[in-house]
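The values are calculated or read from the model by the stated rules, or taken from the named source; none is laboratory data. This structure is a prediction, so every number in the text was calculated from the model and none was measured. Virtual Cβ from ideal backbone geometry, glycine too; neighbours counted across all protein chains shown. For accessibility, only protein heavy atoms count, side chains too; no ligands or nucleic acids. Shrake-Rupley method; radii C 1.70, N 1.55, O 1.52, S 1.80 Å.
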Amino acid sequence: MKRRIVCKAAALLLATGFAAGAAAQEATLRLVSAFAENGIYVQRLQPWIQKFNAEGKGVLQINFIGGPKAIPTFEVGNAVKTGVVDMALSTGAFYTNVMPEADFLKLTQVPIAEQRKNGAFDAINKVWNDKANMQYLARMVENQPFHLYTNKKIDKPDLTGLKIRITPVYREFFQALNANVVTTAPGEVYTALERGVVDGYGWPIGGIFDLNWQEKTKYRVDPGFYDAEVSLIMNLPAYRKLSQPQRDYLQKQLLALEAQNTFWAQYTAEETARQQKAGIQALKFDAATAKAFVDKAYEVGWSNAQKQSPEIAARFKPLFAPK
Ligand code: 173
């Protein structure tokens with residue numbers, strides 16, 4: 001009788017000990033977004049987080065803290081670098097204050113799947129590890145060229161007299177076209193347009209309806225240029241602290257996220273049609289001018305990269321170039 005009680009107690013202890021051990025193995029990562037919560041990028045991330053948490057019970061969880069109201073857009077990079085948060089959805093242009101190389105990712109002309117194979121992804125991670133204390137986890141946006149949207153008609157690639165809202169993505173290119181530029185977070189674009197502080201703005205082909213910019217937009221200049229990079233990044237010590245099963249689980253889900261990037265080509269078509277319906281007129285150059293416009297964007301982009309970080313630009317350039 002006595003012995004049985006002891007056994008039961010031992011079993012109970014073992015069971016609770018095991019449960020405590022299992023609980024200790026589950027980690028929760030705090031994630032913020034540099035983009036608005038109601039925008040397309042976070043909209044697409046939310047179901048992924050839900051699935052991540054449903055399948056990751058006992059292993060790894062993600063706690064979505066919020067968008068720019070939680071941490072302002074241009075401060076997200078430093079929050080990841082210093083470990084204030086574990087993970088973020090951002091674009092490199094928003095954390096050039098951490099390192100100028102962050103913005104080089106707009107210059108990739110090969111899909112992320114190929115970047116993982118040709119060494120680009122590893123080359124990126126070496127820089128992100130060494131210079132930003134970050135792990136570059138996954139790119140969730142591809143095939144989203146940037147465009148210039150304006151309220152003044154132009155018939156050639158000359159922005160003299162125009163004041164354009166930018167981020168580092170567009171700065172050197174628009175300046176090379178003689179624009180006056182003003183940097184703002186996406187959250188300030190609507191007001192800047194409304195008050196006439198700017199005549200236009202840079203943004204990818206998709207997403208202008210998310211913050212109602214179509215109300216204040218007359219023209220879109222075609223063609224687009226570069227490729228919008230929106231990625232998950234992670235504090236490096238937090239990444240290194242993960243157990244092997246946690247890291248494997250994270251990797252599986254990151255690859256699943258990237259596998260959904262076929263969405264973006266279709267989204268481009270939908271958003272282009274939606275803009276037309278909303279009365280936004282496409283301003284198109286002739287074929288030769290259009291080609292020169294895009295060539296110039298890349299020339300200016302790479303030449304600026306070489307100025308800012310010659311060695312890393314030289315390392316990235318062949319890996320980012322189309323085959
Ligand atoms: O805010 C921006 O225009 C910008 O830099 C950006 C980058 C990637 C996706 C969307 C916007």
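In the chain, the longest principal axis of the Cα atoms and the axis of helix 310-320 are about 90 degrees apart. Modelled spin-label separation between ASP158 and GLN306, with each label point placed 7 Å from Cα along the Cα-to-Cβ direction: 2.7 nm.
In the context of the full protein assembly, VAL300 retains an accessible surface of approximately 30 Å², using a probe radius of 1.4 Å and ignoring ligands and nucleic acids.
Normalising the average separation of contacting C-alpha pairs (under 8 angstrom, six or more residues apart) by the number of residues puts the relative contact order of the chain at 23 percent. Please label the shape of the stretch 19-81 as rounded, prolate or oblate, based on the square roots a ≥ b ≥ c of the eigenvalues of the alpha-carbon gyration tensor (a/c under 1.5 means rounded; beyond that, a/b larger than b/c means prolate, else oblate). Oblate is the answer for the stretch 19-81, as a/c is 1.5 or above yet b/c matches or exceeds a/b. Considering only ASN235, ILE208, ASN261, and ranking their Cα positions along the charge dipole of the stretch 208-263 that arises from unit charges at the beta-carbon of Lys, Arg, Asp and Glu, the one farthest toward the positive end is ASN235.
About its Cα centre, the dipole of the chain is roughly 1100 debye, where the only charges are +1 on Lys and Arg Cβ and -1 on Asp and Glu Cβ.
Shape analysis of the stretch 88-150 places it in the oblate category; the axes a ≥ b ≥ c from the Cα gyration tensor give an a/c of at least 1.5, with a/b not above b/c. Taking label positions 7 Å along the Cα-Cβ direction at both GLN61 and TYR190, the computed distance is 3.3 nm, reported to one decimal. Toward the positive end of the charge dipole of the chain, with +1 on the Cβ of Lys and Arg and -1 on the Cβ of Asp and Glu, the farthest Cα among ASN38, LEU105, VAL182 is that of ASN38.
Ranked from largest, the principal axis spans of the Cα set of the chain equal 95, 42, 31 Å. Residues whose amide H lies under 5 Å from that of GLN61, counting only those 5 or more places away or on a different chain, are ALA27, THR28, LEU29; hydrogens are built 1.01 Å from N in the peptide plane.
Counting only helical runs of four or more DSSP H residues, what would the 222 nm mean residue ellipticity of the chain come to if each run contributes -39,500 (n - 2.57) and the total is spread over all its residues?
Working: 12 runs with 148 residues, N = 323.
Mean residue ellipticity, 222 nm, calculated: -14500 deg cm²/dmol.
So if we plug the beta-carbon distance of LEU255 and LYS284 into 1/(1 + (r/R0)^6) with R0 = 35 Å, what FRET efficiency do we get, rounded to 0.05?
On the way: r = 38 Å, r/R0 = 1.08.
Computed FRET efficiency for LEU255 and LYS284 comes out at 0.40.
Per-residue 3J(HN,Hα) values for the stretch 73-89, derived from phi via the Karplus relation 6.51 cos²θ - 1.76 cosθ + 1.60 with θ = phi - 60°, read 2, 7, 10, 4, x, 5, 5, 6, 4, 8, x, 4, 10, 8, 9, 8, 9 Hz in sequence order (x marks Gly and Pro).
Under 13 Å from a label point set 7 Å out along the Cα-to-Cβ vector of GLN25, the amide N atoms of the stretch 53-97 belong to 57-60. Residues whose amide H comes within less than 5 Å of that of LEU283, counting only those at least five positions distant or on another chain, are ARG220, VAL221, ASP222 (H built at 1.01 Å from N in the peptide plane).
If both residues of a DSSP beta bridge must be in the chain, then about 50% of such bridges are antiparallel. This model, with +1 at the C-beta of Lys and Arg and -1 at the C-beta of Asp and Glu, gives the stretch 65-167 a dipole about its Cα centre of some 320 debye. Put a plus charge on the Cβ of each Lys and Arg, a minus charge on the Cβ of each Asp and Glu, and nothing anywhere else: the dipole of the stretch 241-309 about its Cα centre is then about 180 debye. Bridgeable lysines around LYS252 (alpha carbons under 17 Å apart, same-chain partners fewer than 8 residues away excluded): LYS51, LYS57, LYS117.
Do you know the relative contact order of the stretch 21-133, to the nearest whole percent, from alpha carbon pairs under 8 angstrom that are 6+ apart? Please report the intermediate quantities before stating the final value.
Numbers: 139 pairs, mean separation 30.2, N = 113.
RCO, the stretch 21-133: 27 percent.
Working note: Karplus 6.51/-1.76/1.60 with θ = phi - 60° gives the stretch 260-273 the couplings 8, 6, 4, 3, 5, 5, 5, 5, 4, 4, 5, 6, 4, 5 Hz, where Gly and Pro are set to x.
Cα-Cα over 26 Å: which of LYS216/LYS296; LYS69/LYS126; LYS106/LYS284; LYS284/LYS307; LYS131/LYS296? Cα-Cα > 26 Å for LYS216/LYS296; LYS69/LYS126; LYS284/LYS307; LYS131/LYS296; rest within. Taking 7 Å steps out from each Cα toward its Cβ at ASN180 and VAL197 produces label points 1.4 nm apart. GNM, the chain, Cα, under 10 Å: largest mean-square fluctuation among MET234, MET99, MET87? The residue that fluctuates most here is MET99.
When both the stretch 125-166 and the stretch 226-280 are represented by their alpha-carbon centers, they are found 16 Å apart.
Evaluating 6.51 cos²θ - 1.76 cosθ + 1.60 at θ = phi - 60° for every residue in the stretch 242-254, the Karplus couplings come out as 5, 6, 4, x, 5, 5, 5, 5, 4, 4, 4, 6, 5 Hz, glycine and proline recorded as x.
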